[in-house]
Amino acid sequence: MTVPTPEITVRAATPDDAAACAFVHYTSWGETYTGLASAAFWERASLERSTTTWQRWLDDGLPAVVGEVDGQVVGIALAREGRESDGHPPVRDQELYQLYVLASHHGSGIGQVLLDHVLPPGTPAQLWVAEHNPRALRFYERNGFAADGATDPGDSFGGIAALRLVR
């Protein structure tokens, strides 16, 4: 028996998507970073804070995209200009700043669709990924990214050490 592939829709996020983006972002943090982030990180992280932040970002025109399955936002992505991190200047003009997909949709292909939408295949780019997130590391390696030796101890992100990947 063949399981049908869900239809994935990718579109620009609008201010009306703030709560859905915040839910995906905050829930994905919990699914991904529990056990990696410090207690202080979790003390200040909340769905309410995430919703307020997403509302401000989207009201200000943040060029994020959402991935929907059956009309529900289950993933978010954002690429932007490369930035400095922990004293490391950017090495690419473009940076994948966020790519989060709810764990219940891992393996559905939505992460790939979102990545390809914000950074088409072969686009030179950089990103920062949690050093102890093997699933994400494998995903980005399959997409042509490789560690360039730059690291960030995560002092500004709950102590989550990160590696810079480039392609």
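Key figures for this structure:
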{"item": "Charge dipole magnitude, Cβ of K and R +1, D and E -1 - region 8-166, Cα centre, debye nearest 20", "result": "240"}
{"item": "Spin-label model distance (nm) - ALA161 vs LEU47, 7 Å beyond Cα toward Cβ", "result": "3.3"}
{"item": "Helix-only mean residue ellipticity at 222 nm for the chain, each DSSP H run of n ≥ 4 adding -39500 (n - 2.57), per residue, nearest 500", "result": "-9500 deg cm²/dmol"}
{"item": "Inter-probe distance in nm under a simple model that places probes 7 Å from Cα toward Cβ, at ARG142 and ASP116", "result": "1.2"}
{"item": "Structure-derived Rg and Dmax of the Cα atoms in Å - corresponding label in (1) 15.6, 53; (2) 15.9, 48; (3) 19.2, 63", "result": "(1)"}
{"item": "Listed residues SER108, PHE23, GLY144: farthest to the positive end of the dipole of the chain (Cβ charges)", "result": "GLY144"}
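Laboratory data are not the source of any read-out in this text; all were calculated from the coordinates shown. What you see is a predicted model, and the numbers here were worked out from it, not measured in a lab. So basically every Cβ, Gly included, is an ideal-geometry build from the backbone, and we count neighbours across all protein chains shown.
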